[in-house]
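Asks: First the structure, which I've put down as structure tokens, then a few questions once you've had a look.
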Amino acid sequence: QGFWYCVGLSLAVLVCFVDYHTLARWAGPAYWMTIVLLVGVMIFGTVRGGARRWFDLGFFSLQPSEFAKLALILALANFLSRPAEELRQPGNFWRAMGLLLLPFALIAKQPDLGSAAVLIPTGFAMMFVAGVPRKYLLRCIGLVGALVILLIVEVLFAPPIWQPIKLKEYQRQRLLVYFGKDFAPPNATPEEKRRYKRLQEEKSYQSQQALISVGSGGLTGQGWREGKQTSLGFLPPGAAHTDFIFSVIAEEKGFVGSATVIALYAVVLFTGLRIAGQARDRLGKVLAVGVVTLLFSHIFINIGMNIRLMPVKGIPLPLLSYGGSSVLASMLALGMLQNVHIYRKGY
């Protein structure tokens with residue numbers, strides 16, 4: 001992990017040597033390269049936990065979706081930097097939506113709804129800041145809201161034979177766990193109810209153990225590597241250092257450590273917003289807002305699922321969760337943000 005931090009920091013520094021206007025000229029090739037990788041991973045990728053999201057390179061598992069997020073931000077910022085009157089044309093709005101929806105669909109197909117979901121607020125925030133008419137955005141937000149409501153109604157109340165929105169079974173089970181809904185159908189036999197009860201306990205195990213970890217930390221925590229949930233294996237070892245690392249921090253460092261982590265993220269996010277406000281052109285402003293929104297979405301969803309404010313998703317916590325692709329993408333994103341700051345006076 002330390003090696004990938006060094007590589008990521010080196011890449012972030014290299015990005016800062018190239019003006020973001022020059023980077024934007026390569027937005028098209030970068031975007032389509034990641035699209036090819038997203039298609040390729042569905043054909044040649046490694047399957048883990050029922051999902052095909054990684055290229056196994058031996059020494060490194062490459063997750064293209066992490067880099068597709070950055071390529072989308074760069075491509076969308078470049079597209080939205082055109083004159084304001086062109087952004088008011090419906091055709092250009094739908095082209096921007098096409099840039100957004102293509103990687104969204106490919107990532108959701110893997111399936112990786114968590115990574116796909118963060119693209120929506122990122123894209124909408126960039127369009128809003130760029131000056132896309134609000135009526136277009138409000139209609140799309142209304143449509144997304146209607147689909148979310150339909151999905152919740154389908155999972156919680158609809159019979160199994162009626163599923164207009166096709167979800168993987170594990171995705172449906174995660175939503176049932178989040179809303180506290182029984183897995184067993186109303187007409188289940190006693191034996192089926194017992195079987196569904198065991199399945200529900202199994203599927204809710206991680207989120208329950210994460211909550212116990214957060215709660216047992218108290219004010220100052222149990223100490224470095226002294227958390228019982230982690231050391232005794234109650235919080236699964238495969239998740240403790242990845243998606244649920246915030247729970248480990250909360251248990252070992254308590255409320256003080258958790259608040260410190262959130263405060264440090266707040267510094268990064270508010271600094272990013274300040275950089276966006278100081279940008280001298282629309283390209284820099286939109287690029288910075290895209291990076292900030294992407295980071296915020298990751299932080300909000302990851303910490304939210306650790307304290308059960310959000311359903312469990314495979315979303316890493318930037319710069320803390322274990323994973324080479326996540327670290328490299330996070331460092332590159334911060335490099336792009338710093339780039340906008342460095343060249344803010346050139347235009």
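Asks: What pairs come out if I take residues in region 1-26 that are under 23 Å from residue 345 (Cβ atoms) and pair them with residues that are aromatic (Phe, Trp, Tyr) and open to solvent by 60 Å² or more (accessible area, probe 1.4 Å) whose C-beta lies under 8 Å away, six or more apart or interchain?
Replies: Final answer for the pair search is 21/347.
Asks: Out of the residues in region 44-63 meeting the condition of being in contact (Cβ under 8 Å) with a residue 12 or more places away in the chain and assigned to a strand (DSSP E or B), tell me which one is least open to solvent (accessible area, probe 1.4 Å).
Replies: Across region 44-63, the extreme among qualifying residues is 51.
Asks: Of the residues in region 295-346, how many are within 21 Å of residue 255 (Cα to Cα), of a type in the set (A, V, I, L, M) and open to solvent by 50 Å² or more (accessible area, probe 1.4 Å)?
Replies: Final tally of qualifying residues: 5.
Asks: Identify all residues within region 170-209 that are outside any helix (DSSP H, G or I), under 25 Å from the mean Cα position of the chain (by Cα) and surrounded by 18 or more Cβ atoms within 10 Å (Cβ to Cβ); write none if there are none.
Replies: 204, the sole residue that qualifies.
Asks: Among the residues of region 297-337, which ones are hydrophobic (A, V, I, L, M, F, W, C), assigned to a helix (DSSP H, G or I) and under 16 Å from residue 258 (Cα atoms)?
Replies: Matches in region 297-337: 299, 300, 301, 303, 305.
This table checks each residue for (1) surrounded by fewer than 22 Cβ atoms within 10 Å (Cβ to Cβ); (2) at pLDDT 95 or above; (3) farther than 21 Å from residue 309 by Cβ.
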{"site": "235", "(1), (2), (3)": "no, no, no"}
{"site": "238", "(1), (2), (3)": "yes, no, yes"}
{"site": "243", "(1), (2), (3)": "no, no, no"}
{"site": "248", "(1), (2), (3)": "no, no, no"}
{"site": "259", "(1), (2), (3)": "yes, yes, no"}
{"site": "265", "(1), (2), (3)": "yes, yes, no"}
{"site": "271", "(1), (2), (3)": "yes, yes, yes"}
{"site": "281", "(1), (2), (3)": "yes, no, yes"}
{"site": "286", "(1), (2), (3)": "no, yes, yes"}
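Asks: Restricting to region 153-169, and then to whatever is of a type outside the set (D, E, K, R) and open to solvent by 60 Å² or more (accessible area, probe 1.4 Å), can you tell me which residue is modelled with the highest pLDDT?
Replies: For region 153-169, the residue satisfying everything is 153.
Asks: Could I ask something else about it? Restricting to region 92-115, and then to whatever is touching a residue at least 24 places away in the same chain (Cβ under 8 Å), part of a helix (DSSP H, G or I) and under 16 Å from the mean Cα position of the chain (by Cα), can you tell me which residue is surrounded by the fewest Cβ atoms within 10 Å (Cβ to Cβ)?
Replies: 113
Asks: Here's another thing I want to ask about it. Within region 203-248, restricting attention to residues that are free of Cβ contacts under 8 Å to residues at least 24 places away in the same chain and touching a Ser or Thr at 6+ places or on another chain (Cβ under 6 Å), which residue is farthest from residue 319 (Cα to Cα)?
Replies: Among them, the one singled out is 229.
Asks: Let me ask something additional. If I ask for residues that are part of a helix (DSSP H, G or I) and open to solvent by 30 Å² or more (accessible area, probe 1.4 Å), which ones from region 121-135 would you list?
Replies: Within region 121-135, 121, 128, 129, 134, 135 qualify.
Asks: When region 76-91 is examined, which residues are found to be open to solvent by 10 Å² or more (accessible area, probe 1.4 Å) and either part of a strand (DSSP E or B) or not basic (Lys, Arg) (or both)?
Replies: Residues satisfying the conditions are 78, 79, 81, 83, 84, 85, 86, 89, 90, 91.
Asks: Please indicate, with yes or no, whether at least one residue in region 28-43 is among the aliphatic types (A, V, I, L, M), touching a strand residue (DSSP E or B) at 6+ places or on another chain (Cβ under 8 Å), open to solvent by less than 40 Å² (accessible area, probe 1.4 Å) and part of a helix (DSSP H, G or I).
Replies: Yes, region 28-43 contains at least one residue that is among the aliphatic types (A, V, I, L, M), touching a strand residue (DSSP E or B) at 6+ places or on another chain (Cβ under 8 Å), open to solvent by less than 40 Å² (accessible area, probe 1.4 Å) and part of a helix (DSSP H, G or I).
Asks: If residue 275 satisfies every condition in (1) surrounded by 24 or more Cβ atoms within 10 Å (Cβ to Cβ); (2) closer than 24 Å to residue 337 by Cβ but one, which is the exception?
Replies: Going through the list (1) surrounded by 24 or more Cβ atoms within 10 Å (Cβ to Cβ); (2) closer than 24 Å to residue 337 by Cβ, residue 275 breaks only (1).
The values are calculated or read from the model by the stated rules, or taken from the named source; none is laboratory data. What you see is a predicted model; the values in this text were computed from it and never measured. Neighbour counts run over all protein chains shown; Cβ positions are idealised from the backbone, glycine included. Quick note on the areas: whole protein, heavy atoms, side chains included, nothing else; ligands and nucleic acids left out. Shrake-Rupley method; radii C 1.70, N 1.55, O 1.52, S 1.80 Å.
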